[in-house]
Every structure is written in structure tokens, then in C-alpha cells.
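Just below is one structure, and these are the notes that go with it.
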Amino acid sequence: MNESIKNLLDGKYGNYIMPFFWQHGEEEAVLRKYMGVIHDCGIGAVCIESRPHPDFCGEKWWRDMDIILDEAKKHDMKVWILDDSHFPTGYANGALADAPEELCRQGICYESRNVKGGRKVSVNVDKFLKKKNDKFSLFELGGGAGKKRVFSPDVILSVTAVRMEDENQGQECIGKTFIDLTCRIQNGRLLWSAPEGNWKIGLCKLSRNCGAHRTYINMMNPDSCRILLDSVYELHYEHYKEEFGKAIAGFFSDEPELGNGKLYSNEKLGAEQDLPWSHLLVPELVKSLGEEWKSYMPYLWDADLDPVRTARVRYAYMDAVTKAVKSAFSEQIGDWCRSHGVEYIGHVVEDNNAHARTGSSLGHYFRGLAGQDMAGIDDIGGQVMPQGEDGPDKFMRFQTRDGEFYHYILGKLGPSLGAIDAKKQGRTMCEIFGNYGWSEGLRLERYLADHFMVNGVNRFVPHAFSAKEFPDPDCPPHFYANGHNPQYKHFKSLMGYMNRVCELINGGRHIAPIAMLYHGEAEWSGDAMLMQKPARKLLDAQMNFDILPTDVFRDMEYYHTDLETEFRVNTQTYRALVIPYAQFISKSLLTVIERLLQLEIPVIFIDELPKGFYDGSGNLDSIKDRCMAVPLEKLTDVLEQNSVSEITLMPSNNRVRYLHYRKKMDIYYFINEGTECYKGIFELPQAGAVYAYHAWDNVLETVEKTENDGKSRITVELEPFQSLILVFDEAAEKMLRRPLSIVEKIGKEAAFSGEWKRSICESTAYPDFGQEKAVQLPNLLAEEMPKFSGWVRYENRIHLKGAAKTILTISDAYEGVEVFVNGISAGVQVVPTHRFDISSLVKEGDNEIVIEVSTTLERERAAAKNRTMPEKLMQNKVLAPIGITGVVKVYEEK
């Protein structure tokens, strides 16, 4: 038997979970208690979130950190530190409030006007310079730490006249001719005798008085980013250098941003917004666009100019911006951490495709996280939801939600980076569970955990433990909530499950036969298809893929890219390259495509070939007859014809997801994200001994298998919310149990004595149950007590023969369920069908059965008079059931 499996069965596995532990300046006893509360969940680390703390990096902060580190060492826990006092990372604990202006953020602002030639033109440039930029900002956050800083007046960057269409020359003249008019400004006015024709005058200015977070570091300026190191990282090293690399594991950056435009507006290039700027971009722009680069700046906004030049300018600008972010921010912070013996993790805003844009993100997912030691993503606030692939399109009534992005791309971004960047060592972290509201319970949390783990995520930051007095309105749910959350007692079971699965999918590599080109550069430069469109086709057909940025072909040494005899990037080998429709691609990609075609690796363009290149001249003639331009609807058919797919489902099903993971053994991990039980056959590309690892119960199970032509066919019944992990490995027969669902089918049902006795209590009163009542199952408790949240206990007796195999099933209950037989726990289940092996606990004759069900806090908070506005916005229109909503049965093997 494989050593990993043996250790899991023996209860030996690592910790892959580090929840946020929010700091508000609580008393010492509270901090010590909460560290114990977290440890008691089977969690071996915490990420200290400083955002709510009143004295970050002050005397009280160090006192609280002393206490936390002391408790961490007692419990052999690791501590990660969120790296700023306010959200998002970049506030540098307020250090930019009085820093030199050249270290603060700066943006380019633009406006234009159309003029007819053959006359004198006068433009009031001073008015443009004095124009307030507040329309570019929803509100000035500034970390909530004082007055808005007023910077020096805006200055002109460039004034450019661009030739537009006229009657004599037609559309082909648009954007071909431009004139730099900057030197024609006199006394605050532009004076110009415009030649015949139609012209557009574009005015660009540099401003520090724009964007929502003006007193944050400039992510493109290494000296500015150094302020974050000096204001936060160095101070922690000064206090705790002996613990760096020991109790202190590292630092966490939360959603660092370029910060231009309206907060969270998520605009693409071309929108009416300011754009991020640093003087350090100039050498790169000169290199890409020449000395006249300033005159090209209108192409960053105007969509009605020459598309080829627009593509070139927009790519050159974004390439310079994101490379600067990579070097100045991400790599500088990461290098500092590694040189001080700790690691650097975190994530950017990925939401609704923001990962490839400016504003609330860093412009390029892979470059933005280049310096980190793990890949990172974030799922909060109703982003991934059961059956949420197509809707709703809003969350909390106002937040836009792209279900296809969240379900088909978010979970793939992180594991792709984790696999192709050797620095990440195959590790991907996901911040998870936060801001879903009090309706989120263990059932949804199990679904979310499986969704991301089956995509390859193997580290988690659950959001969050808050020691603030209940109810803390800040982004619930909170897993303990000072004892008020009934789900806490069963939360340990979920954490154990996640740690065991992560142990299995850590230290090896996932198998992804398909490489999909990252759409970021294509979206910068022109029309582009979002990756989720082909991703949906692939994942619905069980065709796994990695997302590759063009950088893997430009910097082949760093990414360990090998195109000599195969298509390999770091640990990953691919059998096809899929390119979502892009109006323009990189010229460097042309050579790569030619090499892949020589290796007989299919290169598939979705819908049609590109029109040209965003970083050079030329055409695609050398490959256009050898590449496939495939309609999106035919993508999986073409891949199937080229033998790229790995597994086959019979019958097919578009809601079964899988992960193939390899480390000395092959593991196939399946989940069912649909609403119906899948019954059929999984055909896998290898033969040999195989068993199922039931990760929740931590036991091995037999599987029904046949072999043909070196492939295995596994007969499967996979219920919604459940997982199946198949391990190709040898195991002694005595270590394998038959699946409980089989015992349920062949066993004989035993009858309970009569009605059930039900009692209830609030979470803080557990286990002091009261209000006993005789009930029948299903029990419609939500109709009887619509405002109740807490614990529900059901008691009954049953006469059994004491058979060798006895199981208890509960068809449905909300949410966590623990069964006790004759006073001894048979374990916890959180998703239906809830099955318990009670064979070792029953006796011949009468047996006492007690079932305890924990609810969420949804109903209590929905009825509370002190509900906050965020709680109201997060509340579901239909509240979840509570208690046992199905039937309970016991089966004895005949």
C-alpha cells in the first residue's frame, strides 16, 4: 500500500488550512481561547488579519502578537500575517499620507474633442488641467485613516491630433496620421491651424488626484513598494526575527491593486477612466513605441482609431505596467520574505475577469503573483454556488456575477500557476467561505471545498474566525462566533476532510492534457474571447486543462518550457494547445505554433484565426493552412478526434468534475455538481489494482471494475455533493469495506419503536436540550419554529439482531448531523445521503439512537431586530430548512 494512504488511515497528515483570525484588540483571555478554538478544529495554522485592529504595529499590536505566538507554539501551530492595516494591501499602514509625492500613486487622465480642419482651433488646456477627477472614484477609502490628501496640480503629458475619416480618403485614413501639439500650448491654451480634414484632439494629463486609494503605494515603483516593507515587514522582523521560519510562516497580501478608475468598476482598456502611471514606464514605452510614444497615448482610450496601431500601443502600455508590477511589487516583496526565512502568499482580485485588468487588480494574473511562493485565488460572497454556472447574475442585489467565470476559470487559474511556476511547488491557496452570509453552512462549505480541490487547490484560508462580540456584521459567517454558531462543533469534521484530500493532492502533479492560452494580452489589444467560453466546453466534457500565459514561451528558461521532443512546461506535459478567439496574438507565439505543429501537437484556434500581431508586423500565412479554426461548439469533438481526452463517462454528464493527480500512484478524484445521482461507468486510461478512498470517513472501499485494452471501467453511483476518490494501488482485502450504499441495497430494514422524541437548544446552551416533543419524520421544524437556529436532537429506540454489518441512513437534514448509538458517536456527516456505519456500536436487542442536527444561524439572524444592512443584502429570499427533513432508516445485512 502506498505510504500516503497508509499514513492517512493512521491519522497522520499535514496541515493545509490557515484561517483568517481577525484582530480587534481583544483581551488576552479571548485571544488565548480563540487560538484553542481554532486548534480544536484540527487546524494547524492561522493567518492573522490586522484590518480591524486599532493599533497595527503599535504597542497593543505587539502585545496581541506576543499572546498569539505564545499560544501558537503551545499548540505547534504556524502563524501567517496579513501585511497591512487596511484593505487592500498597499496602504502601508498609512505611511503614504506624508511621503514624497513621487512615491505616491499617479494616473493618466484623458479627454478628446473632434474638430474640422481648414480653420484655427483653440482649446482651453487649463480647464482640462483643473478639471476634478472625482468622477473616476466611487469614494475615497484611504484606509479610513484621515483626510484626503491633496496633491500638486495636474500636468500635461501630451496633446495629440489624430486624423479621422473624411470624404476624400475614407476609413483607411483613420489613426494613420497624428501630430504632436504639446509644444503649441501657450498661456494655458492650445492654438493650432488645423489642416483640411477631420481630426480628433486627445489631451492627456498626469494626476495624483485620481483613483479611489490615492495614499497607497504605487505598484510600479520599487521605491514606493519598499515603503510597505519598511512600514510593516521590517517592523515584524525587528520584533520577531527569532520566530521567522519557525512559528511565523510568512506574510499574506490581500488583493493588491493598481487602483485607477472607479473602485471595483472592472473596466477594460478603452473605458472612460484614468489609467495607472509611473515615470519608470517611460524606458519600456520608448523601447516599444519609439521616442514619440506620448503621441500614441490616445490609443489607450479611443476605439475608433487604427486597430493595428491600437493593439500595438495598448499591448506596449499594459506589458510595461504589468512587468513593472511584477518586479517592483511582487518579486521585491517575495524576495524579501525568502531572504528572511519566510514565505509570501496571497491573491489579487480575480472577480469577473478583473485578473487581466487594471483598477482593482494588477493587470495580469501570472505576473501579479510572480513573487509569491504559492499561487492564490479567492472565493467569497456567493461567487461559486451550487448550480450557479448560469445565474444569478447579481449577488447582494448589486454585485455583478459572471457564473461562467467563477465556475470554469477561477478554480483553474491558481492550480495552473501553481503547476507551471517551479517556485510555487505545485501549491495553490484559496481564500474561501467568507461573506456568503449566515445562510452558509457545512453543506455549502463541503461543496465549495470539493469544487476547488477537484480543480487542484491544495491550501485554504477559511474566512473567518472573529472574536468580536456576536453578532459581528463584518462578512459573516464566522465559524465560532463566541459560541453562537451551531456549525462550529461539526466544523472540525470538514477541516479533517479537507486536510486529508489536500494531503493526497500535494507533492505530485495534476494531469492536464490541454493547454489553454491566457486571454489577458488578447483582451488588452483587441477583440477577445473570454477563457470561460472554451473552458466550459472542456470541463463539461471532463477534459482538463491548464491556463498558460504567453510568458511561458518568452521566458522558457524560467518556466522550464521544453519544445524539443514534447510540449512541456515545468512539470506539465500537454497534448494540445487551445487559443480562445483573439484579434491579435504575440508574434513570438508564431514560432511556438510552428514547432508544436512539427511535433504533431494540434493547435486549435476558436472560431477563427487572429488578424495579426500586437507586438510586431507580419501575418500568419506560415501556419494558417496547418492550424485548425474550430467553432466553439465543435471544440470537444475535435479534441476527441485527436485522442486528447483522458477519461470517458458512460453515459455522458456535464456536471461530473474530476482531477487526475499523480505521485507514485495515480489518483482520480470525482465530484458531482449536479442535482441528480450519476449512475454509470467511468472509463479510465489505466489498468491494475484500484480501490476507493472515502476521505470523509477515512476508510478504503471496494470498487466494481472491469478491464479492457489497458483501461479500467468503474461502475459508479455518485450522489450530488458527494465525492469519489479512486486510487490505483494495492491494498489487502481485509482493509476494504463494501460501500455503505451497497449494504443499504442488500440489507434488511429494521423498524424503529415509534415516534421520535425531539428537543432543542441554542448553540450557547448546548447540550442542555429542552422543549421535548413527539414528532414524525420528516420533521417540518422550519414551519413550526421559523425563527429558530441552534441544535435539534432526535431520540428513538430500535431492536436489532446484532448483524455483522449495520448502517443507518438519513435521506436529508440541515445541516451537520451526528449520530450516537448507545451513547457513543458514530461520526458526523454534512451532505446527503447521510450514511453511518454503526456495526461496531450496536448490540443484539434494544439500541438507543440519538441524532443531533446543527442548523445555521440564518433564521435567527433573519428575524433579529439588530440585523445590519450587509446581513439584509446577503439574506436569501427562501430560508433553508432545519432539522431532519428526510427519513431515517437502519439496515442489517442479511
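The values are calculated or read from the model by the stated rules, or taken from the named source; none is laboratory data. Source: prediction; values computed, not measured. Every residue, glycine as well, gets a Cβ built from its backbone with ideal geometry; the counts of neighbours run over all protein chains shown. Note: areas computed on protein heavy atoms with side chains; ligands, DNA, RNA excluded. Shrake-Rupley method; radii C 1.70, N 1.55, O 1.52, S 1.80 Å.
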**OP:** For the stretch 796-839, enumerate the residues that are without any contact (Cβ under 8 Å) to a residue 40 or more places away in the chain and in contact with a Phe, Trp or Tyr (Cβ under 6 Å, 6 or more places away or on another chain).
**Re:** VAL819, ALA826
**OP:** Report the residue count in the stretch 473-495 for those that are assigned to a helix (DSSP H, G or I) and open to solvent by less than 10 Å² (accessible area, probe 1.4 Å).
**Re:** 5
Subject >> Hits in the stretch 697-718 (condition: assigned to a strand (DSSP E or B) and open to solvent by 30 Å² or more (accessible area, probe 1.4 Å)) >> reply: VAL699, GLU704, LYS705, THR706, GLU707, ASN708, LYS711, ARG713, THR715, GLU717
Subject >> Residue check, SER588 within 22 Å of GLY520 (Cβ to Cβ) and without any contact (Cβ under 8 Å) to a residue 60 or more places away in the chain >> reply: yes
Subject >> Residue list for the stretch 287-297, filter: more than 9 Å from ALA316 (Cβ to Cβ) and open to solvent by 40 Å² or more (accessible area, probe 1.4 Å) >> reply: GLU291, GLU292, LYS294
Original post:
When both residues are 6+ apart or on different chains and their Cβ atoms are under 6 Å apart, which pairs have a first residue that lies in the stretch 86-101 and is over 16 Å from ALA212 (Cβ atoms), and a second that is open to solvent by 60 Å² or more (accessible area, probe 1.4 Å) and charged (D, E, K, R)?
Top reply: none
Subject >> Test: residue in the stretch 537-560 that is of a type in the set (Gly, Ala, Ser), under 24 Å from the mean Cα position of the chain (by Cα) and assigned to a strand (DSSP E or B) >> reply: no
Original post:
Out of all the residues in the stretch 808-860, which are open to solvent by less than 30 Å² (accessible area, probe 1.4 Å), out of contact with any helix residue (DSSP H, G or I) (no Cβ under 6 Å at 6 or more places or on another chain) and assigned to a loop (DSSP other than H, G, I, E, B)?
Top reply: PRO832, THR833, ILE838, SER839, VAL842, THR855, THR856, LEU857
Original post:
Among all residue pairs at least 6 apart or on different chains, which show Cβ distances below 8 Å where the first residue, located in the stretch 159-187, is open to solvent by 20 Å² or more (accessible area, probe 1.4 Å) and in a loop (DSSP other than H, G, I, E, B) and the second is at pLDDT below 85 and polar (S, T, N, Q)?
Top reply: GLU165/GLN171
Original post:
Name the residues in the stretch 509-535 that are assigned to a helix (DSSP H, G or I) and crowded, with 21+ Cβ neighbours inside 10 Å, would you?
Top reply: GLY520, GLU521, ALA522, GLU523, TRP524, SER525, GLN532, PRO534, ALA535
**OP:** Return the pairs, sorted by first residue and then second, in which the second residue is exposed (fewer than 15 other Cβ atoms within 10 Å of the Cβ), the first residue lies in the stretch 860-872 and is more than 13 Å from ASP472 (Cβ to Cβ), the beta carbons are less than 6 Å apart, and the residues are 6+ apart or on different chains.
**Re:** ALA863/LYS787
**OP:** Being under 20 Å from the mean Cα position of the chain (by Cα) and of a type in the set (A, V, I, L, M) is the filter; apply it to the stretch 512-525 and report the residue that is farthest from VAL457 (Cα to Cα).
**Re:** LEU517
Original post:
With (1) without any contact (Cβ under 8 Å) to a residue 24 or more places away in the chain; (2) more than 30 Å from THR550 (Cα to Cα) as the list, and GLY403 as the residue in question, which single condition is left unmet?
Top reply: (2)
Original post:
How do the helices (runs of 4 or more DSSP H) wholly within the stretch 359-472 filter down when requiring 2 or more residues that are under 20 Å from GLU255 (Cα atoms): which remain?
Top reply: 365-368, 411-420
Original post:
Which residues, taken from the stretch 719-759, are basic (Lys, Arg) and open to solvent by 50 Å² or more (accessible area, probe 1.4 Å)?
Top reply: LYS734, ARG738, LYS745, LYS748, LYS757
Original post:
Among the residues of the stretch 218-232, how many are more than 11 Å from GLN332 (Cβ to Cβ) and either under 27 Å from the mean Cα position of the chain (by Cα) or part of a loop (DSSP other than H, G, I, E, B) (or both)?
Top reply: 3
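Within the stretch 535-557, which residues are free of Cβ contacts under 8 Å to residues at least 40 places away in the same chain and not β-branched (Val, Ile, Thr)? Don't jump to the end; show me each part of the working.
Of the residues in the stretch 535-557, the ones free of Cβ contacts under 8 Å to residues at least 40 places away in the same chain are 550, 553-557.
Passing the criteria: PHE553, ARG554, ASP555, MET556, GLU557.
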Subject >> Hits in the stretch 877-891 (condition: touching a Lys or Arg at 6+ places or on another chain (Cβ under 8 Å), open to solvent by 20 Å² or more (accessible area, probe 1.4 Å) and assigned to a strand (DSSP E or B)) >> reply: TYR891
**OP:** Given the conditions (1) open to solvent by 10 Å² or more (accessible area, probe 1.4 Å); (2) in contact with a Leu (Cβ under 8 Å, 6 or more places away or on another chain), report the number of the one that ARG459 does not fulfil.
**Re:** (2)
**OP:** Hey, can you tell me all the residues within the stretch 650-665 that are part of a strand (DSSP E or B) and either farther than 19 Å from ALA687 by Cβ or open to solvent by less than 80 Å² (accessible area, probe 1.4 Å) (or both)?
**Re:** MET650, VAL656, ARG657, TYR658, LEU659, HIS660, TYR661
**OP:** Keeping to the stretch 113-133, report how many residues are part of a strand (DSSP E or B) and open to solvent by 50 Å² or more (accessible area, probe 1.4 Å).
**Re:** 7
